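Right, one structure below, let's go through it.
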Amino acid sequence: MPLRLLFLSSPNRSIARSPILLSPRNSRSVHLAPPYLLDEYIPRYQLLSSVDAAKKRSRAYAHLRNCNLCPRLCGVNRYEKTGYCLIPGGTVKVNVIAPHFGEEPCIQGSRGSGSVFFSMCNLRCTFCQNHDISHQRNGFDLTPEELAEWMLKLQNVGHVHNINFVTPEHVVPQVVLAILTAAEMGLKIPIIYNTSSFDSLDSLALLDGLVDIYLPDFKVWKTSTSKRLLKADNYTETAMESIKAMHAQVGDLSFTADGIAKRGVLVRHLVMPGKEDEGQEIVRWLAENVSKDLYIHIMEQYHPDAHVGKKRRGKSGAEEVRYADINRAINERELGVVTTAARDAGLWRLCEAAEHGGFHLHANVTEDSKSHESENATKWSSRLFVVVGGIGPIRHHLTGSGAGFRLKMRAPNCPRGDHAEGRGWK
């Protein structure tokens, strides 16, 4: 296949351009200028000394006994009772574990991002786009050691590019323990911390040296908006502190020559209907206070969800809908206003959206494993690992004695026949 020579560097800069050979099929605009191009990469947790690892373990256990690791500052002993997040100290509640293809191209690559979707959250966003996961206690309880085993399966069987912890703010100590255990077991791919940015500085200090890529959302700007829509008075100030601390740890997003991100910060902002003025303030602040070389994804996929659009009866007796002001998709003007503001502020590394999202998997269970189907089968047939339906039968298929299954992967918007098929996950 002929190769195309690409020169990718920042505009209006005196940096010498670096030639990168990419095939036409795999070439993508990932802004690979010399400061952001890595010859090779060793995950940060592999460089941690045994002494520092032991200190982090000790601090993780201590935090669980007096939990103030998020701005809610509950101060509870999570081995005895739960705080705002409703998750105890000895386990995490996981909703989905799977190679995910709904992330940015530089995160998901060709093999997917090994995503771990945690149940519950320390925010209560009225419009939550993952309401069925983050607002409900669905899922299966895993100890840090069990979570570490799943991380190894994602790496060794799924061959994913990274481990992606989604909404982990309320389970940081357990995540830290899982990373340290997985590192001892042979984990060697980057760790992603995929957060709403409602983190404390103590929490981020505990993660320092373990996380390679931070994926923070910066949701809203005004305190009145965060109080009404996120149920958090201090969200904006917390997000600003958190993102600056994340950037201080890992810097701007860097890639290897295949276009896969390995280290750095990628900020997301979901444009919301009627809130483009807040988006403008957010991107300006990022450019002025974090870095003009910050990699940013201005997202347009907002849709009414969770409590938005639900019916309620008004004081006059007329039937109304909740949060009517955001009960619609955004328009091109709103997206354009925020994107233009980002460019005007000097942000030039704007990320493109993934071509397809999520995961859509069909499992054809063999005769040997039919005894494990029962009522769980329909719940996990559409996802690779759906813990809501019960992790027991899935664990059998991944580690069992030859039962296995055939999986077909298809992007939700692709034609029915456009899928990859293979034996695996045994």
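The table that follows gives values for the structure above.
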{"item": "Residue match in segment 247-270 (condition: without any contact (Cβ under 8 Å) to a residue 24 or more places away in the chain and in a helix (DSSP H, G or I))", "result": "yes"}
{"item": "Failed item in (1) closer than 30 Å to Asp252 by Cβ; (2) assigned to a loop (DSSP other than H, G, I, E, B); (3) under 17 Å from the mean Cα position of the chain (by Cα); (4) not acidic (Asp, Glu), with Met120 passing the rest", "result": "(1)"}
{"item": "Residues within segment 236-246 that are crowded, with 20+ Cβ neighbours inside 10 Å and either touching a residue at least 40 places away in the same chain (Cβ under 8 Å) or not assigned by TED's automatic domain parsing to the domain that holds Val283 (or both), tallied", "result": "5"}
{"item": "Which numbered condition Ser110 misses (of (1) small (Gly, Ala, Ser); (2) in contact with a Phe, Trp or Tyr (Cβ under 8 Å, 6 or more places away or on another chain); (3) in a loop (DSSP other than H, G, I, E, B))", "result": "(2)"}
{"item": "Enumerated strands (runs of 3 or more DSSP E) restricted to segment 129-246, each holding at least 1 residues that are among the β-branched types (Val, Ile, Thr) and on the phi < 0 side of the Ramachandran plot", "result": "163-166, 191-195, 213-216"}
{"item": "Of all residues in segment 166-178 being within 16 Å of Asp199 (Cβ to Cβ) and among the hydrophobic types (A, V, I, L, M, F, W, C), the one that is surrounded by the fewest Cβ atoms within 10 Å (Cβ to Cβ)", "result": "Val166"}
{"item": "Residue count for segment 202-235, restricted to those that are closer than 13 Å to Leu123 by Cβ, free of Cβ contacts under 8 Å to residues at least 40 places away in the same chain and in contact with a Ser or Thr (Cβ under 9 Å, 6 or more places away or on another chain)", "result": "2"}
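The values are calculated or read from the model by the stated rules, or taken from the named source; none is laboratory data. What you see is a predicted model; the values in this text were computed from it and never measured. Positions of Cβ are generated from backbone atoms using ideal geometry, with glycine treated the same way; all protein chains shown enter the neighbour counts.
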